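Visitor: Next up is a structure, given as structure tokens.
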Amino acid sequence: MPATNVIPFPSRAAAVEPLAFTIGARVDLRIGALAAGVVRARGEPEDVFAYSNLARLLRAARMTWRERGAYTGLVLAVPSSIHSTLEADLVSEAANEAGCTRQGLNFELCEREVVRDGGALAEELRARGWGVSLRGDPDCPLPFGAKARALYSELVLDAPETPDPFLALQDGDRSPLGRRLLAAQAAGLVISAETVRTASQARMLAMAGFDRGGGPFAEAGLR
């Protein structure tokens, strides 16, 4: 019998549903209370941030958060790849369509992209009444002057695993992170650690000047 050559079809990566998302918790590092839920879309940003998809995703996120017994506000993380083409009008109308309130939803923007566009998107979102969080980038930090006080409500940073408890003291640490914490505190921003793994790290971060934290430590409180 002659041999048969089998030509396999090229494999295709499974497409991610545009409405797929995760919600991570952020808690108050001092008292352990739930402070916010962070929504991260899993689909392609261009698909996710189309008007109808974004409205449906935000509505689904609100319902999911309530089903988990959580009644705090949500933060939508905006991917850096979509930042320059995102229209504040579209985002605002989609959030309204989803039933979000100005007090119940913040948009988290990447600091590098904010520097690149001069803060235009942040200003347009604030002009429409939405809160704006800043995802910090140590390589291009923004100055926290009067403009920052008016635009941003929260600064999210990658926290050290073993923080120095004297980071945010006036006469203490003068590392770039220490100076950043002091400037954010002076501007009245909530300072959040992106990932907190243990209760001991949470205590040290609170002493160092952080207000909130996400990651395994925060998620443990929702189980």
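Visitor: In what order do 71, 152 fall by count of nearby beta-carbon atoms within 10 Å, going from fewest to most? Let's see the in-between values first.
Guide: Working: 71 10, 152 26.
Placing the least packed residue first, the sequence is 71, 152.
Visitor: Spelling out what I want: for every residue of region 203-217, take phi, set θ = phi - 60°, compute 6.51 cos²θ - 1.76 cosθ + 1.60 (Karplus), and round to whole Hz; glycine and proline get x.
Guide: Calculated HN-Hα couplings, in order: 5, 5, 5, 4, 5, 7, x, 7, 9, 10, x, x, x, x, 4 Hz.
Visitor: Modelled label-to-label distance, residue 194 and residue 102, 7 Å Cα→beta-carbon offset: nm?
Guide: About 3.1 nm separates the two model spin labels.
Visitor: Taking the Cα-to-Cβ direction at residue 219 and at residue 139 and moving 7 Å from each Cα, how far apart do the two end points lie in nm?
Guide: The answer from the label model is 2.7 nm.
Visitor: Got a sec to turn the phi values of region 145-161 into Karplus ³J(HN,Hα) couplings, 6.51 cos²θ - 1.76 cosθ + 1.60 with θ = phi - 60°, whole Hz, x for Gly and Pro?
Guide: Couplings: x, 4, 5, 5, 4, 7, 9, 10, 10, 8, 10, 10, 10, 6, 8, x, 5 Hz.
Visitor: So, one more: Applying 1/(1 + (r/R0)^6) with R0 = 30 Å to the Cβ-Cβ distance of residue 70 and residue 93, what FRET efficiency is obtained, to the nearest 0.05? Mind showing how you got there, number by number?
Guide: Details: r = 25 Å, r/R0 = 0.84.
Given R0 = 30 Å and the Cβ-Cβ separation, E is 0.75.
Visitor: Provide the gained length on full extension for the span residue 203 to residue 186, in nm with one decimal, where the gain is 0.36 nm per separating residue minus the Cα-Cα distance.
Guide: Details: separation 17, 0.36 × 17 = 6.12 nm, distance 2.15 nm.
Working it through step by step, the gained length comes to 4.0 nm.
Visitor: Mean separation of Cα pairs under 8 Å and 6+ residues apart, divided by the residue count of region 21-220: what relative contact order is that in percent? Walk me through the numbers on the way to the answer.
Guide: Details: 371 pairs, mean separation 41.2, N = 200.
This gives 21 percent for region 21-220.
Visitor: Could you work out [θ]222 nm for the chain from helices alone, using -39500 (n - 2.57) per DSSP H run of at least four and dividing by all its residues? Round to the nearest 500 deg cm²/dmol.
Guide: Working: 10 runs with 82 residues, N = 223.
The per-residue figure over the chain is -10000 deg cm²/dmol.
Visitor: If you don't mind, there's one more thing I want to ask. With point charges of +1 on the Cβ of Lys and Arg and -1 on the Cβ of Asp and Glu, referenced to the Cα centre of region 21-220, which listed residue (78, 101, 145) lies farthest in the positive direction of the dipole?
Guide: Among 78, 101, 145, the one farthest towards the positive end of the dipole of region 21-220 is 101.
Visitor: If we restrict to alpha carbons, what Rg and Dmax does region 21-220 come to, in Å?
Guide: Both quantities, over Cα of region 21-220: 16.5, 51 Å.
Visitor: At 7 Å along Cα-to-Cβ for each site, give me the label-to-label distance between residue 31 and residue 120 in nm.
Guide: Going from the residue 31 label point to the residue 120 one covers 4.2 nm.
Visitor: Still on this structure, I have one more. Can you work out the FRET efficiency for the pair residue 60 and residue 175, with r the C-beta to C-beta distance and R0 = 45 Å, to the nearest 0.05?
Guide: Working: r = 41 Å, r/R0 = 0.91.
Working from the Cβ atoms, E equals 0.65.
Read-outs: derived from the displayed coordinates by stated rules, not from any lab. Quick caveat: nothing in here was measured; it's all calculated off a predicted structure. As a convention, Cβ positions derive from the backbone with ideal geometry for all residues, glycine included, and neighbour counts pool all protein chains shown.
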